[in-house]
Structures are given as C-alpha cells and as structure tokens.
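Since the structure comes first, as structure tokens, the remarks are kept for the end.
The values are calculated or read from the model by the stated rules, or taken from the named source; none is laboratory data. This is a predicted model, so every value here is computed, not measured. Here the Cβ is made from the backbone with ideal geometry for all residues, glycine too, and neighbour counts use every protein chain on show.
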C-alpha cells in the first residue's frame with residue numbers, strides 16, 4: 001500500500017521542519033509539500049492532490065479555515081486536519097463547517113499527531129475525547145430541558161435566516177448588506193436570537209446552528 005501523502009501548511013518554518021521529521025520517520029506516511037501561508041496551501045493542494053493537508057488555523061494571506069473551504073471545493077476527497085495552539089470548541093465547529101475532519105493541538109504528543117493523520121486519511125473524523133464529551137453533555141442537557149426541540153420554533157423566519165448568517169462567519173455589516181437592512185436592525189435581531197436560544201457567545205451559536213443543520 002502506498003504511503004499517505006501529506007501537505008504541511010504552517011507559517012512557522014521550524015514547526016514545519018519538526019513535523020516533516022516526525023512524519024518522515026513513519027513508513028506509512030510521506031510529506032509531499034510544504035506551504036507557508038494559506039494561499040500557497042490552496043495552490044499546492046491543487047497541484048499535488050495530497051491525501052491529507054495538515055493545516056495551521058492562523059496563517060498570513062489566507063487563514064486555515066478559508067484555505068480549507070477553498071481546498072474542499074475543488075478537492076473533496078482530500079482530508080484536512082487542522083493544527084492549532086488553542087483548545088477551544090469554536091475552532092472545532094469552524095473546522096467542521098469548513099469541511100475539515102477535526103483538529104489536533106500543536107502541543108499534542110507525537111503519537112497523537114500521527115494517529116490523527118492516519119485516522120482522517122482512512123476517512124474518519126479526529127475529535128479529542130474531551131471535546132467529544134463536552135459536545136455530548138451539551139446536547140443531552142438541551143434535550144432533557146426541551147430546549148433542543150423547542151427553542152428553534154420560537155425564532156421568526158428572519159431570525160432563523162440571520163442565525164445562519166451569523167454562524168457562517170458574517171459580520172453585522174455584511175448581514176445588513178445581504179438582507180438590505182440596517183446594522184442596528186441586525187443587532188436587534190441578534191440580541192433576540194441569543195435571548196430566545198439561551199446562548200451567550202458566537203461559539204455556542206455555531207454549535208447550535210450545526211446541530212440544526214443550518215450550516216453547509
């Protein structure tokens with residue numbers, strides 16, 4: 001069986017060097033290219049068609065989330081594993097929304113990084129156990145209180161539309177332009193949405209939108 005072909009995308013050359021050495025020592029894995037920014041990652045992915053892209057979230061020119069979306073549009077079979085310093089639920093939801101297959105922390109042990117690459121290359125999603133547990137607990141709590149089934153029905157059609165746009169990463173100004181309404185009106189709708197759904201921040205809103213299938 002040929003080795004899994006991997007594209008490394010990170011703006012820190014020392015980190016890329018370390019990952020290349022780590023991956024190169026594994027007989028079933030092979031680094032076929034390196035990118036120092038998001039635009040280069042997209043261009044190289046199109047040229048090399050790797051099995052897996054190990055993608056840093058924070059990069060110049062084009063961040064990892066946008067680069068992932070661009071890659072998945074033209075290479076749906078290429079798997080993207082996000083690389084980040086931050087253990088934050090929002091990164092996981094944004095990664096999934098962009099078409100990624102999960103994320104691994106830069107501080108993770110070498111074995112975890114290699115296992116994550118192999119797992120997504122085989123078609124799986126790599127979710128760290130602690131994150132999976134938090135997602136399940138959050139979902140079950142909402143089901144038990146009836147919030148999961150009832151809260152969405154309280155939203156108006158316009159609020160549901162704005163909810164999807166907010167979760168998709170649009171700013172209030174962008175939403176106002178898209179819907180031909182004022183920024184103040186968007187802000188008012190946003191406040192009503194958060195109150196009705198019992199949400200506190202955008203990360204919670206993205207989780208809710210994903211559960212409801214509002215994001216492609």
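Without any contact (Cβ under 8 Å) to a residue 40 or more places away in the chain and within 22 Å of residue 124 (Cβ to Cβ), is that true of residue 69?
Here the answer is yes, as residue 69 does meet what is asked.
Just to be sure, is residue 18 buried (at least 17 other Cβ atoms within 10 Å of the Cβ), assigned by TED's automatic domain parsing to the domain that holds residue 109, over 18 Å from the mean Cα position of the chain (by Cα) and not in a loop (DSSP other than H, G, I, E, B)?
Here the answer is no, as residue 18 does not meet what is asked.
Identify, from the list 96, 166, the residue that is at pLDDT below 85, out of contact with any strand residue (DSSP E or B) (no Cβ under 7 Å at 6 or more places or on another chain) and assigned by TED's automatic domain parsing to the domain that holds residue 46.
Answer to the selection: 96.
So, in the stretch 22-45, how many residues would count as being under 24 Å from residue 76 (Cβ atoms), in a helix (DSSP H, G or I) and free of Cβ contacts under 8 Å to residues at least 40 places away in the same chain?
Selection size over the stretch 22-45: 8.
Any idea how many residues of the stretch 174-209 are under 22 Å from residue 98 (Cβ atoms), assigned to a helix (DSSP H, G or I) and without any contact (Cβ under 8 Å) to a residue 40 or more places away in the chain?
Residues meeting the conditions: 4.
Taking the stretch 25-39 as the region of interest, how many residues are under 13 Å from residue 113 (Cβ atoms) and surrounded by fewer than 19 Cβ atoms within 10 Å (Cβ to Cβ)?
Looking only at that region, the number is 2.
Any chance you could count how many residues in the stretch 46-68 are in a helix (DSSP H, G or I) and within 25 Å of residue 107 (Cα to Cα)?
5
As an exercise: evaluate residue 172 against (1) under 18 Å from residue 204 (Cβ atoms); (2) exposed (fewer than 12 other Cβ atoms within 10 Å of the Cβ); (3) at pLDDT 85 or above and give the number of the one condition it does not meet.
Answer for residue 172: the failing condition is (2).
Give all pairs with beta carbons closer than 9 Å in which a residue from the stretch 6-21 that is over 21 Å from residue 67 (Cα atoms) meets a residue that is surrounded by fewer than 17 Cβ atoms within 10 Å (Cβ to Cβ); count only pairs at least 6 apart in sequence or on separate chains.
none
I'd like to know if the stretch 107-121 contains one or more residues that are at pLDDT below 90 and under 9 Å from the mean Cα position of the chain (by Cα).
no
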